[in-house]
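Presented below is the structure to which this report refers.
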Ligand code: W6P
């Protein structure tokens, strides 16, 4: 059958979200055949759903060299998985499947930086200006593309780690899940690595203070949860870099003793786990907080990447929007609360219960496709004068 037919067929299915608990159960009773049967359908479904959205991108982005390349990776990978559509789970096929999954994952390693390049190419072709509707559909798309990618890599990682030989390499780990992830360990690890960069760049860095609180009577410290430590590390590392930059730049490169420390609170309630990083880095205006999660804002003028010394500690790259996707992937979130003139609190929320931590997946349907037809809503609040079609006001004379 043709590629288009297969895309229509598989994009007609909704992806099946798994909870962390299901990933755990699946991994503990690891059955390679079951996993194979699940993935050879679920991977084409997730790939086809996002490929349908790639096709809806504005032409000026879709037809850049970079985005065409990303698109071709998806076509290849879709075809690679479809080879197994009717292949019996023989020993030979199971082995080839694991090898092909590795290949597919590596093919997509550079999706994020290549899409960023595509956005830059599009901006250049448009003379540096992109209209608001285009910008908002690109934001909508990239959130969905990267979330889809996070989820597909999670599925591939679980299968290849569990069945690619040496399944017990990670000690207590179940694939990339840690059933007893010590949050303070990951916090310290991310802090140390961010501090290393900060010291290198600024010759100074703020200290770290950790507090742990649990509202649950039976809980003892340290606070633990079932989670993907690499996802948590990614979020914390990104937030620490931002906080450190703010603190050091706000306090004018004072020496170590006078920099206000980063205060981290790790809290566990019935429903939520929160990790709050508080910095006294001078804060940011409230009007800027939403901007920090925008891909187009992030791809604005970049310093030359060839000169290592011009790379800032935290350049507002794609780090923050992607960190928030990692949190949202299992129904958590990242929230920034800033007091301009003082400092910023960054809060990572995670679900405390592994059966409530479900994958959040983009689904391709009529509603999602509407977002790609550039429409600017008529404003119905007074601040949107730009868009509002002016009505006569009954002036009081
Ligand atoms: C700031 C700006 C920011 C972004 C993300 C996390 C922390 C902080 N602190 O001043």
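The values are calculated or read from the model by the stated rules, or taken from the named source; none is laboratory data. All figures in this text were calculated on a predicted structure; none of them were measured in a lab. Here the Cβ is made from the backbone with ideal geometry for all residues, glycine too, and neighbour counts use every protein chain on show.
Residue 249: within 12 Å of the ligand (Cβ to nearest atom), closer than 25 Å to residue 321 by Cβ and over 22 Å from the mean Cα position of the chain (by Cα), yes or no? So residue 249 passes the test.
Looking at segment 90-113, is at least one residue modelled with pLDDT under 95 and within 25 Å of the chain's Cα centre (by Cα)? Break it down stepwise before answering.
Within segment 90-113, the first condition is being modelled with pLDDT under 95, and the residues that meet it are 113.
Imposing the further condition that a residue be within 25 Å of the chain's Cα centre (by Cα) reduces the set to 113.
Yes: one or more hits.
Looking only at residues in segment 81-95 that are assigned to a loop (DSSP other than H, G, I, E, B) and touching a helix residue (DSSP H, G or I) at 6+ places or on another chain (Cβ under 6 Å), which one is surrounded by the fewest Cβ atoms within 10 Å (Cβ to Cβ)? Result: 87.
The residues on offer are 34, 76, 41, 21, and the sole one that is under 25 Å from residue 98 (Cα atoms), in contact with a helix residue (DSSP H, G or I) (Cβ under 7 Å, 6 or more places away or on another chain) and surrounded by fewer than 17 Cβ atoms within 10 Å (Cβ to Cβ) is 76. Strands (runs of 3 or more DSSP E) fully within segment 177-246 that include at least 1 residues being modelled with pLDDT of 95 or more and within 16 Å of the ligand (Cβ to nearest atom): 208-214. Quick check: anything in segment 196-210 within 26 Å of the chain's Cα centre (by Cα) and crowded, with 21+ Cβ neighbours inside 10 Å? Scanning segment 196-210, I find at least one residue that is within 26 Å of the chain's Cα centre (by Cα) and crowded, with 21+ Cβ neighbours inside 10 Å, so the answer is yes.
Name every residue in segment 252-273 that is in a strand (DSSP E or B) and away from the ligand (no atom under 15 Å from the Cβ), in order of residue number. Spell out the reasoning first.
From segment 252-273, those in a strand (DSSP E or B) are 262-268, 272-273; that's our starting set.
Answer for segment 252-273, where residues must be in a strand (DSSP E or B) and away from the ligand (no atom under 15 Å from the Cβ): 266, 267, 268, 272, 273.
Once segment 311-369 is narrowed to residues that are more than 20 Å from the chain's Cα centre (by Cα) and assigned to a loop (DSSP other than H, G, I, E, B), the residue that is farthest from the ligand (Cβ to nearest atom) is 365. Looking across segment 104-133, the residues that are free of Cβ contacts under 8 Å to residues at least 12 places away in the same chain and part of a helix (DSSP H, G or I) come down to 106, 113, 124.
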